[in-house]
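Notes for the one structure printed next.
The values are calculated or read from the model by the stated rules, or taken from the named source; none is laboratory data. In this text the structure is predicted, and so the values were computed from the model without any measurement. No Cβ is skipped: glycine too gets one built from the backbone with ideal geometry, and neighbour counts run over all protein chains shown. The accessibility values were calculated without ligands, DNA or RNA, using every heavy atom of the protein model including side chains. Shrake-Rupley method; radii C 1.70, N 1.55, O 1.52, S 1.80 Å.
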Amino acid sequence: MEKEKYLMNQRRLRTNEHIRDLAAEVYVSHKDFVQPIFVDESITERQEVKHLTGVYSETIDSLLKQTEKDIAAHVTKFLLFPIPIKKEDKDFNYDFAVSATEKIKSAFGNSIWLANDVCLCSYTVHGHCGILNQEGTKLLNDETVKTLAAYSLQLAQGGSDCIAPSDMSDGRIGAIRNSLDSSGHNHVASMSYAAKFASSFYGPFRDVCKSTPNSNIQLNNRSTYQLDFRNTKDAIASALRDAHEGADILMVKPAGPYLDIVQTLSTTTNKPLAVYHVSGEYAALESLAAQQLGERSLLHTEMWTAFKRAGADIIISYAAREAKGWLR
Ligand code: PBG
């Protein structure tokens, strides 16, 4: 039927660039991005990360130089991962992380926004995100939370703009909020890794941070604290709980496989929502590009657009530095 044919024409909206732009529902801006940065106490010169093309482990000095370049290129929001030399069971020393924070914030002040990842996985001998019992069979939630709150306070004193706990212990958002508020740091925000799944996509990151859980102990993966990837309800409940405890920003991690969670959270909370396009997701796209099976910028921008379409406000990507050039 003629009438039906007319109703079925969806292609008019795709005729040319002009109408496609007008019909486009989302635009991604370089302003949406956070660049993860690694600073490693054990190196004396910056090193390219083996499995993450274009990503470097920095010394504090090289980080300061890189940040200067970044600011000039309009890259101003960062998530800092410290890699301390010394690994312990408990009684960790945060001086390196605090000193990196102090130096970068005293050099660049409010021309950057610095979030600090807060977790113990790069501090512990066993690679877990918290303190374990003697037998190495379970993570001690409350001891871990207390430790993270004390660590967060030191980072806030060092000038951090935002504390981003990635450990997945219960109650850490509230404990960190209390510790910041009761010490005159109520202006320091928190970004919760709220829906963080026990994922196989963290491999390259753990290699850089030397934080793969030790396979010789009974607890040899993170499934007792990170989310089970079969579940939506636990993810939403955990995120809403963190919002209730005072998280300013909620994050879903990894990003691509969990867009259903992003979409649900974007309609159930009023908090800004971040996604972390993690190391394994980044490396997968880079590997396609390296084999000339896809264009690097198009692979990444397609993923980024999907994040925004699902409802994300903030994108944490190892390619954040490219965003300005690619999203013109
Ligand atoms: C753990 C932490 C992880 C990442 C950031 N913080 C993963 C993990 O080992 O569980 C992963 C980031 C990435 O893969 O890019 N505190």
Exercise for the section: Taking just the C-alpha trace of region 1-57, give me its Rg and Dmax in Å. Expected result: 23.7, 74
Practice task
Give the long-range amide H neighbours of LEU80: residues separated by 5 or more places, or on another chain, with amide H under 5 Å away, using H modelled in the peptide plane at 1.01 Å from N.
Solution key: ILE37, ALA115, ASN116, ASP117
Fill in the blank from the handout: In whole percents, the bins of 20 Å from zero upward hold the Cα-Cα pairs of the chain as 31, 58, 10, 2
Fill in the blank from the handout: Residues whose built amide H sits under 5 Å from the amide H of HIS128, excluding neighbours closer than 5 in sequence, are ASN214
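Based on the Cβ-Cβ distance from ASN186 to LYS87, what FRET efficiency comes out when R0 is 30 Å, to the nearest 0.05?
Working: r = 33 Å, r/R0 = 1.09.
Between ASN186 and LYS87 the formula returns 0.35.
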Fill in the blank from the handout: Cross-link reach from LYS65 to lysines, straight Cα distance under 30 Å and at least 8 residues apart if same chain, gives LYS31, LYS50, LYS77, LYS86, LYS87, LYS103, LYS105, LYS210, LYS253, LYS324
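Hey, what's region 157-221 come to in accessible area per residue, 1.4 Å probe, Å²? Intermediate results must be reported in sequence, preceding the final value.
Details: 2480 Å² over 65 residues.
Value returned for region 157-221: 38 Å² of accessible area per residue.
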Problem - Helix-only [θ]222 nm of the chain, DSSP H runs n ≥ 4, -39500 (n - 2.57) each, per residue, nearest 500 - result: -11500 deg cm²/dmol
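Given N residues in region 92-173, what is its alpha carbon radius of gyration divided by 2.2 N^0.38 Å? All intermediate terms of the calculation are to be shown ahead of the outcome.
Values: Rg = 13.6 Å, N = 82, 2.2 N^0.38 = 11.7 Å.
It is 1.16.
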Exercise for the section: Output the Kirkwood hydrodynamic radius of region 239-328, Cα pairs only, in Å rounded to one decimal. Expected result: 13.7 Å
Handout entry: Shape call, region 157-235: gyration tensor on alpha carbons, a/c limit 1.5
Key = prolate
